Amino acid sequence: MTQIKKQLLIFGTGKIAEAISYYFDRDSNYEISAYLIDDVFFNQDEFLSKPVVKISEIATNFDPSDFEVFVAVGYQGMNKLRSEKYTYLKHAGYKFASYRSPYVQGDFEIGDNTIVMDGAVIQPFARFGNNVFVWGGAIVGHHAVINDNCWLTGGCLLGGSVNIGEASFIGMGAIVGQEVKTGVECMLGAGTLTIRSIGDKVVIVEKQTEIHRLNSAQFTRMSSCFRV
């Protein structure tokens, strides 16, 4: 028997929306019906072969009882833009889809408008709030709590029982130690190490690795492992 798919509206027409659409199209029980965009940015009738609709016209075209939504925008403004659209659509009466890759196994909870992509490793009893993005390669330890509106970039590593404050950003390769708690709206940049709990709106960044004095051609001539 053919399964009847739920109808889905995705807010966004950028690269994030394109990536999110890939997962929903590939193996979810949703069918994307249309894309939503703020009126001021409306400049195209189609995106990925689906209609684009002004958000002001959503209620006229899509009954909340027949359609669910997913907000597919980035971490701009410390995730505030995504949070604002989530709140707007929730007040408009819509329910939210979530996506958990079938290749990510484990006993963990995810909230509304949350996505866990291929390649993430989630240990038992982790909990993710609403509007959380978990990119491939992220490792989240047992009993971790990731609060609403957070963004976990690929390759980050969160220890067991961490508590990541609302609307925080965890960069590529960032490490957060066991039982560490962060405040709200923290930014832990790529390659950083956080082993003590921190307060609200803390920024931790690492300097970029210094550029070598030799260019690639010079270096390969000097290095035995790169010689042909």
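Fewest-first ordering of Leu157, Leu152, Leu48, Leu9 by other beta carbons within 10 Å of each residue's beta carbon gives Leu48, Leu157, Leu9, Leu152.
With 20 Å as the limit, write out which pairs from Lys15/Lys90; Lys6/Lys90; Lys15/Lys50; Lys90/Lys181; Lys54/Lys90 have Cα-Cα distances beyond it, or answer none.
Working: Lys15/Lys90 23 Å; Lys6/Lys90 18 Å; Lys15/Lys50 15 Å; Lys90/Lys181 28 Å; Lys54/Lys90 17 Å.
Result: Lys15/Lys90; Lys90/Lys181 exceed 20 Å.
Available extension along the chain between Thr209 and Asp107 is 32.9 nm, counting 0.36 nm per residue and deducting the alpha carbon span. Summarising the amide proton neighbourhood of Leu36: residues at separation of 5 or more, or on other chains, whose placed amide H is nearer than 5 Å comprise Ile10, Phe11, Gly12, Val53. Using a/c under 1.5 as the rounded threshold, could you call the stretch 64-194 rounded, prolate or oblate? The axes a ≥ b ≥ c are square roots of the C-alpha gyration tensor eigenvalues, and prolate needs a/b larger than b/c, oblate otherwise. Prolate, because a/c is 1.5 or more and a/b exceeds b/c.
Annotation: aspartates and glutamates with alpha-carbon distance below 15 angstrom to Lys85 (same-chain offsets under eight excluded): Asp38, Asp39, Glu57, Glu68, Asp112, Asp148.
Please label the shape of the stretch 6-97 as rounded, prolate or oblate, based on the square roots a ≥ b ≥ c of the eigenvalues of the alpha-carbon gyration tensor (a/c under 1.5 means rounded; beyond that, a/b larger than b/c means prolate, else oblate). Note, shape of the stretch 6-97 comes out rounded. One chain, two ends: Ile195 and Lys6. Fully extended at 0.36 nm per residue, the span grows by 63.8 nm beyond their Cα-Cα distance.
Grab the DSSP H runs of the chain that are 4 residues or longer, score each as -39,500 (n - 2.57), total them, divide by all residues and round the 222 nm result to the nearest 500 deg cm²/dmol. Walk me through the intermediate numbers first.
Details: 4 runs with 40 residues, N = 228.
Value at 222 nm, helices only, nearest 500: -5000 deg cm²/dmol.
Spatial offset of the stretch 136-197 relative to the stretch 89-117 amounts to 19 Å, using the alpha carbon center of each. Distant-in-sequence amide contacts of Lys181, defined by a placed amide H-H separation under 5 Å and a gap of 5 or more residues or a different chain, comprise Asn163, Ser197, Ile198.
Can you tell me the FRET efficiency between Thr220 and Ala19 if r is taken as the Cβ-Cβ distance and R0 is 45 Å, rounded to the nearest 0.05? Before the final figure, lay out each step's value.
Values: r = 35 Å, r/R0 = 0.77.
E(calc), rounded to 0.05, equals 0.85.
Proximity of backbone amide H atoms, modeled 1.01 Å from N, is registered between Leu157 and Ile139, Ala174, Ile175, Val176 at under 5 Å, excluding neighbours fewer than 5 places apart on the same chain. Near Gly165: Cβ cut-off under 11 Å, other residues only, Lys/Arg at +1 and Asp/Glu at -1. The net charge is -2. The alpha-carbon of Lys201 sits under 12 angstrom from the alpha-carbons of these aspartates and glutamates, leaving out residues fewer than 8 places away in its chain: Glu166, Glu185. Other residues lying with their Cβ under 12 Å from the Cβ of Asn113 contribute a combined charge of +1, Lys and Arg counting +1, Asp and Glu -1.
For the pair Asp66 and Asp38, label points projected 7 Å from Cα toward Cβ lie 2.9 nm apart.
For the stretch 112-185, just say rounded, prolate or oblate: build the C-alpha gyration tensor, square-root its eigenvalues into a ≥ b ≥ c, call rounded for a/c under 1.5, and beyond that prolate if a/b exceeds b/c, oblate if not. Taking the square roots of the gyration eigenvalues as a ≥ b ≥ c, the stretch 112-185 is rounded. Sequence-ordered 3J(HN,Hα) estimates for the stretch 111-124 from the Karplus curve with 6.51, -1.76 and 1.60 and θ = phi - 60° stand at x, 5, 6, 10, 10, 10, 8, 3, x, 5, 10, 10, 7, x Hz, glycine and proline given as x. As a ratio to 2.2 N^0.38 Å, the alpha-carbon radius of gyration for the chain is 1.16. Ordering Val184, Val205 from the fewest to the most neighbouring beta carbons within 10 Å gives Val205, Val184.
Read the figures in this text as sums done on the coordinates, not as results from a lab. Source: prediction; values computed, not measured. Because the Cβ atoms are built from the backbone with ideal geometry, glycine has one as well, and the counts that use them run over all protein chains shown.
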